[in-house]
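Shown next, in structure tokens, is the structure this report addresses.
The values are calculated or read from the model by the stated rules, or taken from the named source; none is laboratory data. Predicted model, so just to flag it, every value in this text is computed and none were measured. Because the Cβ atoms are built from the backbone with ideal geometry, glycine has one as well, and the counts that use them run over all protein chains shown. Calculation scope for accessible area: heavy atoms of the full protein, side chains included, ligands and nucleic acids excluded. Shrake-Rupley method; radii C 1.70, N 1.55, O 1.52, S 1.80 Å.
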Amino acid sequence: MQPNTLEIPENVILDIMDKLSDFEQSKGFFKKTTLQSLAKKLDTNPKYLSKIINSYYEKNFSTYINELRIQYLLKELNSNETFHTLTIKTLAKKTGFGSTEAFTKAFKKYTGVNPSNYLQTLKPK
């Protein structure tokens with residue numbers, strides 16, 4: 001953790017970090033989530049939440065949510081073969097993306113390859 005330069009009380013930062021960890025563990029990122037809705041759910045304000053994600057995770061809110069979704073999907077793709085048969089559209093929906101385009105863009109940004117190319121690498125030769 002970094003020194004507190006956020007002008008947020010340390011106990012509030014720790015509380016929000018704990019709640020973010022719970023949010024990640026409960027896979028709350030599958031639901032449509034905005035900065036405002038998550039702040040409300042975590043009982044904090046959007047400004048604090050945004051500052052903490054930017055500072056401690058070194059990314060903006062949108063990237064934070066999208067990466068949680070992609071990380072979950074990659075784990076499932078590598079351990080659950082039933083995911084290999086799903087369409088890109090279904091994978092996008094299953095992981096909480098609003099559109100196939102948003103999913104494809106986030107997937108490529110995180111992995112460097114398109115989802116369809118990634119799925120091809122998983123198929124047995």
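Quote the relative contact order of the chain in percent (integer), defining contacts as alpha-carbon pairs under 8 Å separated by 6+ residues.
Details: 88 pairs, mean separation 25.1, N = 125.
Contact order relative to length: 20 percent.
Just one of (i) 23, 16, 13; (ii) 31, 23, 12; (iii) 31, 14, 13 is semi-axes √(5λ) of the Cα gyration tensor in Å calculated from these coordinates, so which is it?
Identified label for the calculated read-out: (iii).
Suppose only helical runs count, i.e. DSSP H with n ≥ 4. What mean residue ellipticity at 222 nm does that imply for the chain under -39500 (n - 2.57) per run, divided by all residues and rounded to the nearest 500 deg cm²/dmol?
Details: 7 runs with 80 residues, N = 125.
Mean residue ellipticity at 222 nm (helix-derived): -19500 deg cm²/dmol.
Roughly what percent of Cα-Cα pairs across segment 82-125 reach past 15 Å? Before the final figure, lay out each step's value.
On the way: 370 of 946 pairs.
That fraction is 39 percent.
Per residue, how many Å² of accessible area does segment 50-125 show with a 1.4 Å probe?
On the way: 4470 Å² over 76 residues.
With all protein chains present, segment 50-125 gives 59 Å² per residue.
By average Cβ neighbour count within 10 Å, what is the ranking of 46-58, 20-32 from highest down?
Numbers: 46-58: 16.3, 20-32: 13.5.
Final packing ranking: 46-58, 20-32.
Of the listed peptides 114-120, 69-75, 9-15, what is their order by residue-averaged count of other C-beta atoms within 10 Å, with the highest listed first?
69-75, 114-120, 9-15
To the nearest 20 debye, what is the magnitude of the charge dipole of the chain about its Cα centre, counting +1 on the Cβ of each Lys and Arg and -1 on the Cβ of each Asp and Glu?
Details: 19 positive and 12 negative charges, 152 e Å.
About 720 debye.
So how far apart, in nm, are the two label points at S99 and Q36 if each is 7 Å from Cα heading toward Cβ?
Placing both labels 7 Å beyond Cα along the Cβ direction yields 2.1 nm.
Please go through the residue pairs K47/K94; K27/K109; K19/K108; K89/K123; K47/K93 and name each one whose alpha carbons sit more than 26 Å apart in this structure.
Working: K47/K94 29 Å; K27/K109 21 Å; K19/K108 29 Å; K89/K123 18 Å; K47/K93 29 Å.
With Cα atoms farther than 26 Å apart: K47/K94; K19/K108; K47/K93.
Mind giving me the nanometre distance, one decimal, between the label points for Y118 and E81, set 7 Å out from Cα along Cα→Cβ?
With each label placed 7 Å out from Cα toward Cβ, I get 2.1 nm.
Within the chain, which whole H helices from DSSP have a Cα span along their axis of at least 18 Å and a mean Kyte-Doolittle hydropathy of -0.5 or more, if any?
Details: long enough: 10-25 (23 Å, -0.23); 61-79 (28 Å, -0.20).
Flagged H segments are 10-25, 61-79.
Ignoring any ligand, DNA or RNA, what whole percent of the accessible area of the chain comes from carbon and sulfur when the probe is 1.4 angstrom? Before the final figure, lay out each step's value.
On the way: 3950 of 7750 Å².
Roughly 51 percent of what the probe reaches on the chain is carbon or sulfur.
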